[in-house]
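The values are calculated or read from the model by the stated rules, or taken from the named source; none is laboratory data. Being a predicted model, the structure only gives us computed values, none of them experimental. Here the Cβ positions follow ideal geometry from the backbone for every residue, glycine too, while neighbour counts run over all protein chains shown. All accessible areas refer to the heavy atoms of the entire protein, side chains included, with ligands and DNA or RNA removed. Shrake-Rupley method; radii C 1.70, N 1.55, O 1.52, S 1.80 Å.
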Amino acid sequence: MAYTRKNVGRLTTGERRRFVGAVRELKRRGEYDEFVLTHIDHFAPDGESGLRAAHMTPSFLPWHRLFLLEFEEALQRIDPAVTLPYWDWTRNRGATGTPWTEDLLGGNGRRSDRQVTTGPFSRREGWILEVNVTDTDYLTRDLGRSHDPIALPTARDVASALEDPVYDTAPWDSTAPGGFRNKIEGWGRGAGSASWRNHNRVHRWIGGTMLGAASVNDPAFWLHHAFVDLLWTRWQQRHRTARYLPARPPGPRDSQYGRVVARGEPLPPWDYTPADVENVAEVYVYA
């Protein structure tokens, strides 16, 4: 029977406590940092050579779907009742309130150094960053970008992506002119904040630890990407005959040869293909 992923704003007090407790226990066991490393290992932008599996690529959505499932399974080994909640950033748009509360993600970083000092993922509560650490080992946030404010994406921004009936288009990277994937991942034309849309803009809005390849160090990552995954399910429900593209890998003369994952090819580091995870209705549903 499929389990349910709930809006974080609708979690009961007990559900909040169990989710936070499972995440913190995963960190205590050293397993959480393995997820941070996995994301770093597969964070390859357009300009690099070799396969792109996680970002700026058609497999952005199925890769993160598998990543979330693997994380959720790890949480459920600790507490079988826990499922990943999602944060609907088109509705909960403030820097206070859900999910930035003491019993969930904690709040914004303090003005002096952007260190998160509240909630269960603060340094004083034992949430110490071990992966991709330079000069600080604590979680940082700059909700809304204090020095150059930006707003979270709107429902209208999401709607423009959901309306596109094609999953992805050539050249299958951050410059793809159409397709749901690139529109929801959020690569746009222009410079600075004008080019940050949907998924990308949320990372920029949170700031701090969420800005780089090690963004998984902030548990906000999971709630954000659960909502992105929900948006993919909505797109699939709206365009029921649409499928993941490209259906076949680009040929040897194509600039994307060996750089993107086709529908029937395995997604590293797993053996699953994008086709395998297009339909997850028997595994989980969103409420």
Of the criteria (1) crowded, with 22+ Cβ neighbours inside 10 Å; (2) at pLDDT below 95; (3) of a type in the set (A, V, I, L, M), which one Leu139 fails: (2)
Taking His55 as meeting all but one of (1) open to solvent by less than 10 Å² (accessible area, probe 1.4 Å); (2) touching a helix residue (DSSP H, G or I) at 6+ places or on another chain (Cβ under 8 Å); (3) under 24 Å from Trp205 (Cβ atoms), write down the number of the exception. (1)
Among what's in region 18-68 and is polar (S, T, N, Q) and either within 14 Å of the chain's Cα centre (by Cα) or modelled with pLDDT of 95 or more (or both), pick the residue that is farthest from Glu265 (Cα to Cα). Thr38
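What is the residue count in region 216-248 for residues that are of a type outside the set (Asp, Glu) and assigned to a loop (DSSP other than H, G, I, E, B)? Give the steps one after another, and end with the answer.
Pass one, region 216-248, residues of a type outside the set (Asp, Glu): 216-217, 219-228, 230-248.
Keeping just the survivors that are assigned to a loop (DSSP other than H, G, I, E, B) gives 219, 239-248.
Count: 11.
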Inside region 1-19, can you point out the residues that are surrounded by fewer than 19 Cβ atoms within 10 Å (Cβ to Cβ), not small (Gly, Ala, Ser) and not in a helix (DSSP H, G or I)? Met1, Tyr3, Thr4, Lys6, Thr12
Among the numbered conditions (1) over 19 Å from the mean Cα position of the chain (by Cα); (2) open to solvent by less than 10 Å² (accessible area, probe 1.4 Å), tell me where Arg240 comes up short. (2)
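Scan region 102-128 for residues that are in a loop (DSSP other than H, G, I, E, B) and open to solvent by 30 Å² or more (accessible area, probe 1.4 Å) and jot them down. Quick ask: steps written out before the conclusion?
Step one: of region 102-128, the residues in a loop (DSSP other than H, G, I, E, B) are 102-108, 110-114, 117-122, 126-128.
Selection gives Glu102, Asp103, Asn108, Arg110, Arg111, Ser112, Asp113, Arg114, Thr117, Thr118, Gly126, Ile128.
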Helices (runs of 4 or more DSSP H) wholly in region 129-208 with at least 3 residues that are over 16 Å from Ala95 (Cβ atoms) and of a type in the set (D, E, K, R) - which ones? 180-185
Being assigned to a loop (DSSP other than H, G, I, E, B) and of a type outside the set (Phe, Trp, Tyr) is true for just one of Ala74, Ala22, Ala44. Which residue is that? Ala44
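For the condition in contact with an Asp or Glu (Cβ under 9 Å, 6 or more places away or on another chain) and in a helix (DSSP H, G or I), what is the one hit in Leu37, Leu68, Leu84? Lay out the reasoning, then the answer.
On the way: Leu37 fails: in contact with an Asp or Glu (Cβ under 9 Å, 6 or more places away or on another chain); Leu84 fails: in a helix (DSSP H, G or I).
The unique qualifying residue is Leu68.
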Taking Gly208, is it on the phi > 0 side of the Ramachandran plot and either open to solvent by less than 10 Å² (accessible area, probe 1.4 Å) or touching a strand residue (DSSP E or B) at 6+ places or on another chain (Cβ under 6 Å) (or both)? yes
The residue from Asp41, Asp33 that alone is open to solvent by 40 Å² or more (accessible area, probe 1.4 Å) and among the acidic types (Asp, Glu) is Asp41
Going residue by residue through region 249-258, is there one that turns out to be surrounded by fewer than 16 Cβ atoms within 10 Å (Cβ to Cβ) and part of a helix (DSSP H, G or I)? no
Ala176 is checked against (1) surrounded by fewer than 20 Cβ atoms within 10 Å (Cβ to Cβ); (2) of a type in the set (A, V, I, L, M); (3) without any contact (Cβ under 8 Å) to a residue 12 or more places away in the chain and fails just one. What number does that condition carry? (1)
